[in-house]
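What follows is one structure encoded as structure tokens, with my remarks underneath.
The values are calculated or read from the model by the stated rules, or taken from the named source; none is laboratory data. Computed from a predicted structure; not experimentally measured. Heads up, the Cβs are rebuilt from the backbone with ideal geometry, glycines too, and the neighbour counts pull from every protein chain shown.
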Amino acid sequence: MLKVRGYIVSVLLITFRCKNVFSQTTAVPTSCSAKSSTSCEECLSNVSCLWCITSQKCINYPVRTVFPPRSVCPLSDARWGKCWVNFQALIIALSVIAGVIITAALICCFCCCKCENIGSKRTDERLERQADLRRVQQEERKAQMRSRHDEIRKKYGLTKDNPYSRFENT
């Protein structure tokens, strides 16, 4: 019984949500030109509108071009999104910010590559020093082993003047 009530509630919720979605999509959007006699704030309440200060007109944003052409409205007088944002200043500011970010990224990449090479040189030098140290220690051990072997040979009388005359019977 509880499962049936749960299904009925979920079906009703889905139905009401679908009704809300369809009612929102069928609403007729207001035209930008109808808001020409109003203020900048009212015009820009619709995202697809552009306010031109010189002509005091609300115009549909020319979507086909990225920036509105001069024939529609000069960039310095065009307002989109917010009334206090100068379109031309916005473009310049965004260009400068993008340039700074790109330059910073390139400098970081260059420095990282440079620092990486310096780090590898340091690592190579450290490895060479360690290899030299190991080589010196190995030579010292060999010399100690030779002296120890010579002492053992002396102890048992196995030393001869000529190393090629081993195991000769005299």
Exercise. How many residues are surrounded by 12 or more Cβ atoms within 10 Å (Cβ to Cβ), under 36 Å from the mean Cα position of the chain (by Cα) and among the β-branched types (Val, Ile, Thr) if we restrict to segment 53-77?
Worked result: 0
For this session: Within segment 40-84, count every residue that is in contact (Cβ under 8 Å) with a residue 40 or more places away in the chain and either polar (S, T, N, Q) or under 21 Å from residue 95 (Cα atoms) (or both).
Result: 1
For this session: Quickly run through segment 73-101 and pick out the residues that are in a loop (DSSP other than H, G, I, E, B), in contact with a strand residue (DSSP E or B) (Cβ under 6 Å, 6 or more places away or on another chain) and modelled with pLDDT under 85.
Result: 80
For this session: Check segment 108-131 and report whether any residue there is modelled with pLDDT of 85 or more and either under 30 Å from residue 159 (Cα atoms) or of a type in the set (Val, Ile, Thr) (or both).
Result: no
